[in-house]
Amino acid sequence: MESGRLSSTQQALIRESWQKVSSNLLQHGIVLFTRLFDLDPDLLPLFQYNCKKFSSPQECLSSPEFLDHIRKVMLVIDAAVTHLENLSSLEEYLSNLGKKHQTVGVKVDSFSAVGESLLFMLEKCLGTAFSPDVREAWTRLYGSVVKAMSSGWDARKEGE
Ligand code: HEM
C-alpha cells in the first residue's frame, strides 16, 4: 500500500471531503449500505447474528449488530483517512481484516460494489463538491484499502 500513489493534493481533497462525512458516520454509513444492498442483494445472507438471517435489507439495516458493522466499516475508512501519509502502517491490520471476511464468506469481488457504494454516499453527502478530482482521489484510496485487505485472502480457499 504505497501512500506515494496519493499526491498531496489528493490527500487534501480526501481530508476535506471526509470532514463532512465524519460529522455523522453512522448516518452516511447507512446510505452506503442501503446502496450496497441495492447493487448486490446477495450480500444480505452474509450478515447473520446469532445464526439468524434477515428477511430484507430494511430489517438488516435496523438491527443493532448490523449498525455496529456499519460503524466498524466507517471507522476503518476514518483510520485510512487519518493515516493517508503512512497507509502502510495499516497493512497488517487490513490483511487480517481481509482474512476475517474470507472466513465469513465474502468474496474479494464484492468489494467493488462496496467501492461504488462508497462513491455514491460521498456524492450524496458532498453534492457538487464531489468533483472528478475528489472521485479519483477516493477511488485510489479505496483501491489501496482493498488491495491490503485482499492480501489476507487465501486463494486456495476462494470459492469453497
Ligand atoms: C461485502 C461487504 C462486507 C460484508 C458482507 C461484510 C461482512 C462482515 C461480517 C459478517 C462480519 C462479522 C460480524 C460483524 O462484526 O458484524 C464483519 C466484520 C467486520 N467488518 Fe465487514 N463486511 C463487508 C465489508 C467490510 C468493509 C469494506 C470493511 C472496512 C473497510 C469492513 C470492516 C469490518 C470490521 C472492522 C469487522 C470486525 C472485525 C473484527 O471482529 O475484528 N467490512 N464483516
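Here are some notes:
- List TRP138, TRP153, ordered by accessible area with a 1.4 Å probe, largest first: TRP153, TRP138
- Under the criterion of Cα pairs below 8 Å and six or more residues apart, the relative contact order for the chain equals 38 percent.
- Accessible-area value, ASP154, 1.4 Å probe, nucleic acids and ligands omitted, Å²: 40 Å²
- Once the gyration tensor of the Cα atoms in segment 44-160 is diagonalised, the equivalent ellipsoid follows with semi-axes of 24, 20, 13 Å, ordered largest first.
- Value at 222 nm in deg cm²/dmol, rounded to 500, when DSSP H runs of n ≥ 4 in the chain each add -39,500 (n - 2.57): -21000 deg cm²/dmol
- Shown here: segment 1-87, whose C-alpha atoms stretch 45, 26, 23 Å along the first, second and third principal axes, sorted largest to smallest.
- Within segment 1-108, GluC sites (Glu not before Pro) in DSSP loop having at most 16 other beta-carbon neighbours inside 10 Å: GLU2
- Figure note: CYS51, CYS60 ranked by solvent-accessible area, largest first, 1.4 Å probe, ligands and nucleic acids not counted: CYS51, CYS60.
- Solvent-accessible area of ARG71 with every protein chain in place, 1.4 Å probe, in Å² to the nearest 10: 100 Å²
- The residues SER22, SER95, SER117, sorted by heavy-atom accessible surface at 1.4 Å with ligands and nucleic acids left out, run SER22, SER95, SER117 from largest to smallest.
- Accessible-area value, LEU61, 1.4 Å probe, nucleic acids and ligands omitted, Å²: 30 Å²
- Listed residue pairs exceeding 30 Å between alpha carbons, taken from LYS52/LYS124; LYS20/LYS52; LYS20/LYS147: LYS52/LYS124; LYS20/LYS52
- Available extension along the chain between LEU67 and THR103 is 10.9 nm, counting 0.36 nm per residue and deducting the alpha carbon span.
- A Förster distance of 22 Å, applied to the separation of the beta-carbon atoms of GLU136 and GLN58, puts the FRET efficiency at 0.10.
The values are calculated or read from the model by the stated rules, or taken from the named source; none is laboratory data. Because the structure is a prediction, the values reported are computed rather than measured. Reconstructed Cβ throughout: ideal geometry from the backbone, glycine too, with neighbour counts over all protein chains shown. Calculation scope for accessible area: heavy atoms of the full protein, side chains included, ligands and nucleic acids excluded. Shrake-Rupley method; radii C 1.70, N 1.55, O 1.52, S 1.80 Å.
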